[in-house]
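Novice: My questions all concern the structure below.
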């Protein structure tokens with residue numbers, strides 16, 4: 001009887017430890033999930049990695065634009081994350097300061113608008129590189145493997 005209880009206990013413990021691993025679901029690079037960012041299929045959903053007959057030079061330029069966007073928005077993303085954490089702490093405090101919460105939410109909205117503007121500029125640059133072959137979104141989705149940071153991007157563009 002003791003062996004049975006020990007075996008059941010070990011199996012339960014293994015299940016509790018393994019549960020978070022399987023909770024994420026299939027794939028990798030779920031990414032940033034604030035306000036609709038991250039979690040989508042990425043460019044691979046088109047079956048061609050987001051490229052339609054692009055030259056190596058165009059693909060290379062799109063990769064450069066993607067890296068540029070990622071680098072330029074790093075501080076902005078970090079600021080959004082930290083302000084969201086601060087907002088959550090304020091909301092969950094014993095006596096939430098409504099004026100401070102509203103002010104912080106306006107700051108977050110302003111930062112998100114800046115991110116959207118940078119995203120649009122990045123997309124427009126990508127269209128200049130490959131007007132007919134580029135199939136939409138940011139030039140690299142979510143920076144392959146780094147996780148998504150904008151609407152419907154997941155693990156990013158398929159690797160060549």
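Novice: Please list, by residue number, everything in the stretch 88-108 whose backbone N is under 12 Å from a paramagnetic label point 7 Å out along Cα→Cβ of residue 79.
Specialist: Within reach of a label on residue 79: 107-108.
Novice: Where does each of 4, 54, 111 land when they are ranked from fewest to most other beta-carbon atoms within 10 angstrom? Let's see the in-between values first.
Specialist: On the way: 4 8, 54 20, 111 17.
So the residues, fewest neighbours to most, are 4, 111, 54.
Novice: Nearest 0.05, what FRET efficiency do residue 72 and residue 101 give at R0 = 35 Å with Cβ-Cβ as r? Before the final figure, lay out the partial values.
Specialist: On the way: r = 29 Å, r/R0 = 0.83.
Efficiency at R0 = 35 Å is approximately 0.75.
Novice: At what distance in nm do the modelled label points of residue 16 and residue 55 sit from each other, each positioned 7 Å from its Cα along Cα→Cβ?
Specialist: Once both label points are built, they end up 6.1 nm from each other.
A short reminder: the numbers here are calculations on the coordinates, not readings from a lab. Here the structure is a predicted model, which is why all the values come from computation and not from measurement. Because the Cβ atoms are built from the backbone with ideal geometry, glycine has one as well, and the counts that use them run over all protein chains shown.
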